[in-house]
Amino acid sequence: MPEPSPSMKIDVHSHLMPSAVFGHPPRDFRSKWSPDRASVVLEDEVSERRGRPAKGDLLDASAIVARQKEQQVDLSIVGGWVDAMAAPTNAESQSDWCRLISSELATAVERQASLRWLASLPDLDGGLAAEELGVAARAGAVGGILATSFMNGGLGRADLEPLWANAERLGLPIMIHPGVYDPSETPIAGELLIPVFYPYLTTRAAVEMIRAGVPDRYPDLKVVLVHAGGFLPYQFGRVEHWLATDRVPTVPKQSPSTTSSALSWFYYDTVVHSRKVVEFLIDLVGSSQLLAGSDCPFAMSDWSLIGANGDDYLGSSDRAAILGANAERIFPLHRGTTS
Ligand SMILES: [Zn+2]
């Protein structure tokens, strides 16, 4: 049973959606497997696909561990597949579904000493999300993963307050992750889903949180923005100026802090496929806010920093912090272990 140690390489951003989950699809949905059972997608009553198919290594914990070993990563934190997590349109049905995903993740990770897991959080109802985080915490979750919730009012919503409060109280980081699960988003995303729409969703979610004053009210809450924060680190000056001059806000402006101070409240993974951007982020927010990630097992996986042949460009203290020590500091990694 590997226990976290200062020299460990910890991947905070990888995914697992145990195939057993799809044996119990959410209410009003069915799981449609491909003929070779290599991929599965949720369909609703009118057979309209919601989200993209889950496939390959994403469905199998041992496959994730094999990739992890190949890349010489010591510990990986796995989250669910956001497209499927956020597919239900009924809040209670989504909450039940997320609880099932969390339960199957706990079971899968129990057999894999080098994995930890994130609670799947429903994004339609903040009270239910807070409840799911609590249930998952008791089952060994080391944090939670939440969809950017673009089509459901975003992450500045007042009903999310119990979630932020519970996460802060429990000391569990929340990872904000984009996904596409509503068919009406598809034309907006177009074929540039991965390189443009995903970072847009993350940027939007972060700005919604800043505008709603979440960093001010929950200074000890830890929120991880995937894909290095989308466009936020590059556009924060523009966001700051806009917030200062926004005379007719659609929501009451509650934040006394500046966007630049909120920048160092967030945490950022390194899944950005660019040494220059990682160096820019270190300069902007400090290495204490960066967490190595891979986005394993997807085609967009980035092993350029954390992988077996990772680029060795960081100074030793930044390297130790980003590759493992920061994750140890903010995630309760000893949870969910039996030793
Ligand atoms: Zn991801």
Checklist entry - Out of 282, 330, which single residue is at negative phi, in contact with a Pro (Cβ under 6 Å, 6 or more places away or on another chain) and away from the ligand (no atom under 16 Å from the Cβ)? => result 330
Next on the checklist: Quick check on this structure: which one of 195, 187 is at pLDDT below 95 and over 19 Å from the mean Cα position of the chain (by Cα)?
Outcome noted: 187
Item to check | Candidate set from region 121-180 (those that are more than 18 Å from residue 210 (Cβ to Cβ) and without any contact (Cβ under 8 Å) to a residue 24 or more places away in the chain); member that is surrounded by the fewest Cβ atoms within 10 Å (Cβ to Cβ) | outcome: 138
Next on the checklist: Residue pairs, Cβ under 7 Å, 6 or more apart or interchain, first in region 87-116 and more than 17 Å from residue 133 (Cβ to Cβ), second among the aromatic types (Phe, Trp, Tyr) and assigned to a helix (DSSP H, G or I). List them.
Outcome noted: 88/97
Item to check | First in region 12-28 and of a type in the set (Asp, Glu), second anywhere and surrounded by fewer than 24 Cβ atoms within 10 Å (Cβ to Cβ), Cβ under 9 Å, 6 or more apart | outcome: 28/44; 28/45; 28/89; 28/90; 28/93
Checklist entry - For residue 303, are the conditions met, namely being of a type in the set (Phe, Trp, Tyr), crowded, with 17+ Cβ neighbours inside 10 Å and either modelled with pLDDT under 95 or within 16 Å of the ligand (Cβ to nearest atom) (or both)? => result yes
Checklist entry - Which residue pairs have Cβ atoms under 7 Å apart, sit 6 or more places apart or on different chains, and have a first residue in region 56-84 that is farther than 26 Å from residue 132 by Cα and at pLDDT below 95 and a second that is in a helix (DSSP H, G or I) and away from the ligand (no atom under 13 Å from the Cβ)? => result none
Item to check | Hey, residue 302 under 17 Å from the mean Cα position of the chain (by Cα) and at positive phi or not | outcome: no
Checklist outcome for this item: Condition set within 16 Å of the ligand (Cβ to nearest atom) and in a loop (DSSP other than H, G, I, E, B), scope region 168-183, selection modelled with the lowest pLDDT: answer is 181
Next on the checklist: Please verify whether residue 318 is over 19 Å from residue 222 (Cβ atoms), more than 16 Å from the ligand (Cβ to nearest atom) and part of a helix (DSSP H, G or I), treating the condition exactly as stated.
Outcome noted: yes
Next on the checklist: Looking at the structure I just gave you, is residue 308 in a loop (DSSP other than H, G, I, E, B), away from the ligand (no atom under 16 Å from the Cβ) and more than 19 Å from the chain's Cα centre (by Cα)?
Outcome noted: yes
Checklist entry - Does region 260-279 contain at least one residue that is among the aromatic types (Phe, Trp, Tyr), outside any helix (DSSP H, G or I) and within 15 Å of the ligand (Cβ to nearest atom)? => result yes
Checklist outcome for this item: By residue number, the members of region 18-51 that are crowded, with 17+ Cβ neighbours inside 10 Å, among the hydroxyl-bearing types (Ser, Thr, Tyr) and in contact with a Lys or Arg (Cβ under 6 Å, 6 or more places away or on another chain) are none
Next on the checklist: Can you pull out every residue in region 283-300 that is free of Cβ contacts under 8 Å to residues at least 40 places away in the same chain and either among the β-branched types (Val, Ile, Thr) or within 13 Å of residue 71 (Cα to Cα) (or both)?
Outcome noted: none
Checklist entry - Taking residue 165 and the conditions (1) assigned to a helix (DSSP H, G or I); (2) within 16 Å of the ligand (Cβ to nearest atom), which numbered condition does it fall short on, given that it satisfies the others? => result (2)
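The values are calculated or read from the model by the stated rules, or taken from the named source; none is laboratory data. Note that the structure is a prediction, hence the values are computed from the model and not measured. With ideal geometry, Cβ positions are generated from the backbone for all residues, glycine too; neighbour counts draw on all protein chains shown.
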